[in-house]
Amino acid sequence: MGSKHVAVLMGGWSSEREVSLRSGAACAAALEARGYRVTRIDVGRDIAAVLASVQPDVALNVLHGRPGEDGTIQGILEVMQVPYTHSGVLASALAMQKDAAKVALAAAGVPVPEGVTVSRAEAAKAHVLPRPYVIKPVCEGSSVGVFIVTEAHEHPPQELTRSDWPYGEQVLCERYIVGKELTCAVMGDRALDVIEIVPNVAFYDYEAKYAPGGSTHVLPARIKPNVYQQVRTLALRAHQALGCRGVSRADFRFDDRLEGTAGLFCLEVNTQPGMTETSLVPEMAAHAGISFEELVAWMVEDASLGR
């Protein structure tokens, strides 16, 4: 098992580059500890030439955001016939396109917040939904470019009109769901446990996600057993509805003022979840008795083509 040559793909040029570098470094160290031969690759636009030179047996994709999470790198790996981890071309592209993913999730019976996709100019001109609501880029992760518009905001965020706005021309506006932030990972065909995320700031933003002490993770989540099991059921259903492979993580909001599971909504599915020292998936795996080294090795052994 440990004799495989693994190219760990990290970095890239997305807004999540620094987190990807940290994820990649942690995974590479874990694989080396398990006896794998590892080549660390900070992905640039010459990635095809680099892979041709390195000639790995497997690519461990630890890129976050574009091009690693949107189907682009998956397509290159398919063309070059390098088996890779996580989801394939279609599932990656679909999950990254939040508005399209919501259609697929809703069709599979996964509840999603009501919302509308508009241009950033339109979102900046006037409120497109009753307040409070959330504005997020259609194709970004880690809460970059996200705004929560409350009753106190007379006007929409004018940052959307910046000439150097880097997050695309379309934004997704969704009803804000009050309550708990929940997340659940899927590993193969198994839903792991549920974490409740308690931000130590007003909003679970990029800093809260990745800075030590930015948030508190409560595992298992402090919710009723029926809600807990429904989160796990929906996480697996979402994983399968989008055609995901390997490891994914589904994020939820739960308004516990409503009866039963009526207040539970899936926000998105992450096909390349973080693997840093503060990341959620390794924490859930550890709770299930799977060490970090075992988790990363499982990903490598699960790698394939045609995903």
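If you check every pair at least six apart or on different chains, which have Cβ atoms under 9 Å apart with a residue in region 8-19 that is aromatic (F, W, Y) first and a residue that is outside any helix (DSSP H, G or I) second?
That search, which allows pairs on different chains as well, returns W13/V43; W13/G44; W13/R45; W13/G65; W13/R66; W13/P67.
Before we move on, is T276 within 15 Å of the chain's Cα centre (by Cα) and among the hydroxyl-bearing types (S, T, Y)?
Yes; evaluated as a whole, the condition is true for this residue.
Looking at (1) part of a helix (DSSP H, G or I); (2) surrounded by fewer than 19 Cβ atoms within 10 Å (Cβ to Cβ); (3) small (G, A, S), can you tell me which one A235 breaks?
Only one criterion in (1) part of a helix (DSSP H, G or I); (2) surrounded by fewer than 19 Cβ atoms within 10 Å (Cβ to Cβ); (3) small (G, A, S) is unmet by A235, namely (2).
Taking E122 as the residue in question, decide whether it is in contact with a Lys or Arg (Cβ under 8 Å, 6 or more places away or on another chain) and at pLDDT 90 or above.
For E122, the condition - in contact with a Lys or Arg (Cβ under 8 Å, 6 or more places away or on another chain) and at pLDDT 90 or above - is not met.
Would you point out which residue out of E301, E268, E294, E259 is under 28 Å from E78 (Cα atoms) and without any contact (Cβ under 8 Å) to a residue 24 or more places away in the chain?
E294
Within region 248-283, work out how many residues are farther than 25 Å from G71 by Cα and in contact with a His (Cβ under 9 Å, 6 or more places away or on another chain).
Matching residues across region 248-283 total 2.
Restricting to region 206-232, count the residues that are at pLDDT 70 or above and of a type outside the set (S, T, N, Q).
Matching residues across region 206-232 total 13.
Could you tell me whether region 257-273 includes any residue that is on the phi > 0 side of the Ramachandran plot and surrounded by fewer than 18 Cβ atoms within 10 Å (Cβ to Cβ)?
yes
Please enumerate the residues belonging to region 253-278 that are touching a Pro at 6+ places or on another chain (Cβ under 7 Å) and part of a loop (DSSP other than H, G, I, E, B).
Listed by number, the residues that qualify are M275, T278.
Give the residues of region 105-127 that are in contact with a Cys (Cβ under 7 Å, 6 or more places away or on another chain) and among the β-branched types (V, I, T), sorted by residue number.
V110, V112, V116, V118 - these are the residues of region 105-127 that are in contact with a Cys (Cβ under 7 Å, 6 or more places away or on another chain) and among the β-branched types (V, I, T).
Taking the condition of being part of a loop (DSSP other than H, G, I, E, B) and surrounded by 15 or more Cβ atoms within 10 Å (Cβ to Cβ), how many residues in region 101-126 meet it?
The total comes to 4.
Report whether or not T216 is free of Cβ contacts under 8 Å to residues at least 60 places away in the same chain and in a strand (DSSP E or B).
Here the answer is yes, as T216 does meet what is asked.
So, in region 87-100, how many residues would count as being surrounded by 24 or more Cβ atoms within 10 Å (Cβ to Cβ), not in a loop (DSSP other than H, G, I, E, B) and not basic (K, R)?
Residues in region 87-100 being surrounded by 24 or more Cβ atoms within 10 Å (Cβ to Cβ), not in a loop (DSSP other than H, G, I, E, B) and not basic (K, R): 4 in total.
The values are calculated or read from the model by the stated rules, or taken from the named source; none is laboratory data. Keep in mind that what you see is a predicted model, and the values were worked out from it rather than measured. Note that each Cβ is placed from the backbone with ideal geometry, even for glycine, and that neighbours are counted across all protein chains shown.
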